[in-house]
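Take a look at the structure set out below.
The values are calculated or read from the model by the stated rules, or taken from the named source; none is laboratory data. All of these numbers come straight from a predicted model, not from anything done at the bench. For neighbour counting, all protein chains shown are included, and Cβ atoms are generated from backbone atoms with ideal geometry for every residue, glycine included. What goes into the accessible areas is simple: the full protein's heavy atoms, side chains included, and nothing from ligands, DNA or RNA. Shrake-Rupley method; radii C 1.70, N 1.55, O 1.52, S 1.80 Å.
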Amino acid sequence: MQNFSSVKRKTLSSVAVLAALTLAASVAAVGTAQAAVKVTVTGTVSCAKFDDSVPKTVTITPKTGVVGEDEPPGEEKVEQYTIKLTGIPGGGTTATFKVVCEDDEGDTNTYKNKNVPIKKPPNGPLTVNLPVA
């Protein structure tokens, strides 16, 4: 004959463990969401290293956070851009900046700057002028 109190105890133990894990995961998710910040990145982007090219797009891909993109007017070799990033950790992260340059004939050239630090400054936007040396 099976001992039902033993089965009941095992079931209750399993439920308690599952509830504890679910609660821990919820708390971790809330803590992570609260730690994420929005960072506005502004600056200039240059396509001077490519003959007769102007900036077409600037894309920022953070290691942690949401990708952001801007399309400067593309009339000058050096243009201003503004990108708002979300989901950036409060302590900051690094990002890859990708710039696509286009000439009069529609040919494109691309360059990247990797591991650029992204952290919300105390006041105002973060300024990053590209290319970063």
Exercise for the section: Measure off, as a whole percent, the carbon and sulfur share of the 1.4 Å-probe accessible area of the stretch 42-87, all protein chains present. Expected result: 45
Completion exercise
The local net charge around T40, scoring Lys/Arg +1 and Asp/Glu -1 for residues other than T40 whose Cβ lies under 13 Å from its Cβ, equals +3
Exercise for the section: Determine the shape class of the stretch 53-115: with a ≥ b ≥ c the square roots of the Cα gyration tensor eigenvalues, call it rounded for a/c under 1.5, and otherwise prolate if a/b is greater than b/c, oblate otherwise. Expected result: prolate
Completion exercise
Cβ-Cβ cut-off under 13 Å around V66, Lys and Arg +1, Asp and Glu -1: the net charge is +2
Fill in the blank from the handout: To the nearest 0.05, the calculated FRET efficiency linking D103 and E69 through their beta-carbon distance, R0 being 22 Å, is 0.60
Exercise for the section: Place a label point 7 angstrom from the Cα of A48 along the Cα-to-Cβ direction, then list the residues of the stretch 78-115 whose backbone nitrogen is under 11 Å away. Expected result: 78-79
Practice task
Find the centroid of the Cα atoms in the stretch 79-133 and in the stretch 46-71, then give the distance between the two in whole Å.
Solution key: 6
Completion exercise
For T94, the net charge from surrounding residues (Cβ-Cβ under 11 Å; K, R +1; D, E -1) works out to +3
